[in-house]
Amino acid sequence: MRFISFCHSLSQRLLLIQPLLVGFVINLFIAGTTWSEILFYCAVVAALGILIASCSYLAKTRYCQLQIDSSFTIERQLIDKIQHADSSFFSSYDSGHYRQTVNNDANDVSIFILTQCVSFATTLVSVIGTLAIILYLNPLTALVTVVLLLVSFIIYKQIQASAYKRYKESKELRSQYGSIELSQFTDVDFIRRHSLFERFFNQHYAVNQKLRSAIHEQYKLEFGVQELNNAVIAVFQAIVFITCAYQIFLGALQPGYIATISSYFVSLLGSITLLMEFGMAYQSITVSLNRIEQILDLPQESVGNIIPSENVNQITCTNVSFSYPHTNKVLMNNLSCSFTKGNIYAITGGNGTGKSTFLKLINGEWSSHLSGTIAINEDLLAQINQYELRKNTLGFTEQEPSIVDDTVRNNLTLLCKNQPTDEEIISYIKLFNLEKLLLGDDQNLDVRLGERSSAISGGEKQKIAIIRMMLMNPSVMLLDEPTSALDQNSVDVLLNLLKKVKQDHIILLISHDPKVVEAADHIVEL
């Protein structure tokens, strides 16, 4: 950042010297000086131009690196805030909207700081330096220039409020449009299955029309400002030329310096444009900064400080009650139960009785929203560092497991603290008949799954999640409908595995399959 500022500052100072030298050379020529002296100063002007271009090149190349790094830093900080947000935030979470917001706003803020702010500072110094030189050359011309600059500032202030409103509306609609557009791709199966083409088209078209109108109004303002700026430049330039001609006529200004002042004035007009653009950009970036601030201010998930033991002997729930925020439905009311090592527990109950929610509560999710207590061994769950708990002590297989864009090996060992051997991984692959993931090579664990994840069935995803759990080997295993998409042979394989490892684990599973429930040592009815 300092290097960019230095290069900008140096090039601006050199640009101040260049027109003065040009005017000086013209005056020498008029005065009848020697060709050698004129050629010398022309060479100096050329050398200055080369130096200015070199500074500009160095600044631009360094800028590219900084822009990428700073955008990623801002984006990563915002993503971390979202990922660590309180569970209630995800009740109305729109991933497409936040993806668009984070990506666009991080880039906009990075570009604004690296270009607009640096340019604003160096341009402001350049404006002051230019006015000082014009004042030295001719005070009246300097006074006229200052008055014209003030008029430009007043004109800009009149359009400032309108600019902010239009930029805000446009940015919000762009994020909304991005979210709706994303759903046109992610929900293709759903759209086709229920023939919802017209409905999704209408939704897409409606938000497009709103965005179209907002962008039209924004561009009307931008084009209006640009043309107003062109008109102002034409009028101002005429006024300055008249002033310079008058001063030359009076003998108060050397003729050669009209070229200097003309060049300076064009530069000042460019600076006015840049300063006005900074004001417009500031209005736009204020919207981005406000949205970034909203993400940075998100309530974060409450986690304790106690580092949990990796060996859990007992989980105790005492008078646990829970309902999701902003709903009146009570899912659990004064539930008390306990789970001990060496047992498989089947969590049963009708739809909507909170079975999956109960596993999430054990997993430390929503812990700040429940009443009653959950204890892991002797430590209250609310006081335990729940991220460490999930990383090292608890394992969770979801109803709809996720496949990451990575190799088979890394997908299966995603949760492992210690890397298992290839033989161990391959044995599980064969046990669950997942050899097709290896594309015909039984030893090739480095085949990527990301590009093929859409072709992986629900049952295969469940098998991957189960293998992850087994390779992680956590003290507490939480399985949410692990057999809902499995074939009967795979169900038998899973039950045999759970019975084999239960002696050293606490296993809680949800299932509507009578065979799975019968395999449990205890049943907890919700």
- Message: Students often check this: by mean Cβ neighbours within 10 Å, which of 351-363, 513-525 ranks highest, and how do the rest follow?
- Response: 351-363, 513-525
- Identify all lysines with a Cα-Cα distance to Lys168 below 21 Å; exclude those on the same chain that are fewer than 8 residues away in sequence. Lys157, Lys210, Lys220
- Task: Return the FRET efficiency for the residue pair Thr186, Asp487: r is the Cβ-Cβ distance, R0 is 25 Å, and the value is rounded to the nearest 0.05.
- Result: 0.35
- Query: Using Cα pairs under 8 angstrom and six or more residues apart, how large is the relative contact order of segment 337-400, in percent?
  - Reply: 22
- Note on the structure: Residue span Asn202 to Ala53: 0.36 nm per residue of separation minus Cα-Cα distance leaves a gain in nm of 48.4 nm
- Past the 23 Å Cα-Cα mark, which pairs from Lys60/Lys171; Lys355/Lys463; Lys360/Lys500; Lys360/Lys502; Lys417/Lys515; Lys81/Lys391? Lys60/Lys171; Lys360/Lys500; Lys417/Lys515
- At a Förster distance of 56 Å, what's the computed FRET efficiency of Asp521 paired with Asp69, Cβ-Cβ distance as r, to 0.05? 0.55
- Would you mind putting 469-481, 124-136 in packing order, based on average other-beta-carbon counts within 10 Å, highest first? 469-481, 124-136
- Note the full-extension length gain between Arg174 and Lys391 as 0.36 nm times their separation in residues minus their Cα-Cα distance, in nm to one decimal. 74.4 nm
- Message: Using amide H atoms built in the peptide plane, which far-off residues or other-chain residues are under 5 Å from Ile347 H to H?
- Response: Leu509, Ile510, Ser511, Val524
- Message: Show me, bin by bin at 10 Å from 0, the whole-percent P(r) of the chain based on Cα pairs.
- Response: 3, 13, 17, 18, 14, 11, 9, 8, 5, 2, 0, 0
- Task: Give the percent of DSSP beta bridges with both residues in the chain that are antiparallel, rounded to the nearest 5.
- Result: 45
- For Ser356 and Asn433 in one chain, what is 0.36 nm times their gap in residues minus the Cα-Cα distance, to one decimal in nm? 25.0 nm
- Item | Axial C-alpha extent at least 27 Å, average Kyte-Doolittle at least 1.0 - helices from the chain (DSSP) | 2-31, 118-137
- Contact order relative to length of the chain, as percent, for alpha carbon pairs under 8 angstrom and 6 or more apart: 16
- The relative contact order of segment 2-296, taking Cα pairs under 8 Å that sit 6 or more residues apart, comes to a percentage of 33
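We did not get these values from a lab; they are worked out from the coordinates using the rules stated. Nothing here was measured: the structure is a model prediction, and the numbers come from that model. Here the Cβ is made from the backbone with ideal geometry for all residues, glycine too, and neighbour counts use every protein chain on show.
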